[in-house]
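I have placed the structure first, in the form of structure tokens, so that the comments after it can refer back to it.
The values are calculated or read from the model by the stated rules, or taken from the named source; none is laboratory data. Please read these numbers as outputs of a predicted model, since none were measured by experiment. Quick reminder, even Gly has a Cβ in these numbers, built from the backbone with ideal geometry, and neighbours come from all protein chains shown. The accessibility values were calculated without ligands, DNA or RNA, using every heavy atom of the protein model including side chains. Shrake-Rupley method; radii C 1.70, N 1.55, O 1.52, S 1.80 Å.
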Amino acid sequence: MVVASVYSAEAADDLVWVKGGTFNNTNSAYSGKNVTLSSFYLGKYLVTEKEWMEVMSNNPSQFKGDNLPVEMVDWYDCIEYCDRRSTKEGLKPYYNIDQAKKDPDNTNDLDDIKWTVTFNAGANGYRLPTEAEWEYAAEGGRKTMNYTYSGGNDAGEVAWYWRNAGDKYLNGFWDWHVIEMNYDRPKRVGGKPPNELDLYDMSGNVREWCWDWFGDLESNVTDPRGSHSGAMRVWKGGGWIGDAFCCASSFRGQYEPYNKAPDQGFRVCRGR
């Protein structure tokens, strides 16, 4: 399956050009599924608190610092940020957001927000990456070295997660009280080595919202917009609270679109 691209525009310095292709990493959830993506731009770093404040004029993060990744943002916050940043930079917003109309495709009974979000065809503005785009980029795209995590096979070397995100390295079993006492927290963006495409923090630090509803993987690859309905949105990459297995590029996480957490952030995309 080939996913077509209609994108043609110059990108900012903080975006990385991801040349399209097929999933060649044998660890990928998409391996062997004949999925080919067109080229796109992806944020070199997670969106920082400074970048968020410049657009949204507030800072929702629990842990404060200009160069820390913004967190405590739900999926709707990120969609709104993308459109506001596009407008601020003179780009055509990618999304149409109708806050008054409840999305009939949102099957989450506890979600009171349920904005209806549609697309502007051919818009050059910012958006969230799809699950497939995120994973392809995290795995190094055409330059993949077949790593388990983004940029390596040792989680401790390339990712911030619960064992190494505090004052000292933690052993034993996951324990929230121990994590708190160790002062685990998000880390400044770019503090670990990048992957093959010069993308940072795609494993660990904070989990990253993607566009897609969480559903059967086949549903998310048979249509360029992913599953058409659901109750949860996809997150990828793992974060400072979670374990190493969540940081694997192929791991698929799910979270209610209205929920926020101190290990939940995002990066922007432009293309398609």
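Residues in the range 179-193 that are open to solvent by less than 60 Å² (accessible area, probe 1.4 Å), more than 15 Å from PRO69 (Cβ to Cβ) and either without any contact (Cβ under 8 Å) to a residue 24 or more places away in the chain or assigned to a loop (DSSP other than H, G, I, E, B) (or both): ASN182 alone.
Among the numbered criteria (1) modelled with pLDDT of 95 or more; (2) buried (at least 18 other Cβ atoms within 10 Å of the Cβ), which one does GLY172 miss? Among (1) modelled with pLDDT of 95 or more; (2) buried (at least 18 other Cβ atoms within 10 Å of the Cβ), the lone unmet condition for GLY172 is (2). Taking every residue in the range 83-112 that is modelled with pLDDT of 95 or more and outside any loop (DSSP other than H, G, I, E, B) and pairing it with any residue that is of a type outside the set (Asp, Glu) and open to solvent by 100 Å² or more (accessible area, probe 1.4 Å), at least 6 positions away or on another chain, the pairs with Cβ-Cβ distances below 9 Å are SER86/LYS92. For the range 57-80, which residues satisfy the criterion of being touching a helix residue (DSSP H, G or I) at 6+ places or on another chain (Cβ under 6 Å) and free of Cβ contacts under 8 Å to residues at least 40 places away in the same chain? Residues satisfying the conditions are ASN59, ASP66. Residues in the range 113-143 that are assigned to a strand (DSSP E or B), open to solvent by 30 Å² or more (accessible area, probe 1.4 Å) and among the polar types (S, T, N, Q): THR118 only. Of all positions in the range 149-165, at least one carries a residue that is of a type in the set (Val, Ile, Thr) and under 22 Å from GLN264 (Cα atoms). Of the residues making up the range 91-107, not a single one is under 16 Å from ARG233 (Cα atoms) and of a type in the set (A, V, I, L, M, F, W, C).
Just so you know, in the range 38-75 the residues that are open to solvent by less than 10 Å² (accessible area, probe 1.4 Å) and not in a loop (DSSP other than H, G, I, E, B) include one that is nearest to PRO257 (Cα to Cα), and it is TRP75.
Only residues that are in a loop (DSSP other than H, G, I, E, B) and either open to solvent by less than 10 Å² (accessible area, probe 1.4 Å) or polar (S, T, N, Q) (or both) were counted in the range 194-205, giving 6.
Considering the range 107-148 alone, what residues qualify as being out of contact with any Ser or Thr (no Cβ under 9 Å at 6 or more places or on another chain) and among the hydroxyl-bearing types (Ser, Thr, Tyr)? Residues satisfying the conditions are THR116, THR118, THR130. Screening ARG163, ARG85 for residues that are surrounded by fewer than 23 Cβ atoms within 10 Å (Cβ to Cβ), under 19 Å from the mean Cα position of the chain (by Cα) and not hydroxyl-bearing (Ser, Thr, Tyr) leaves exactly one candidate, ARG85.
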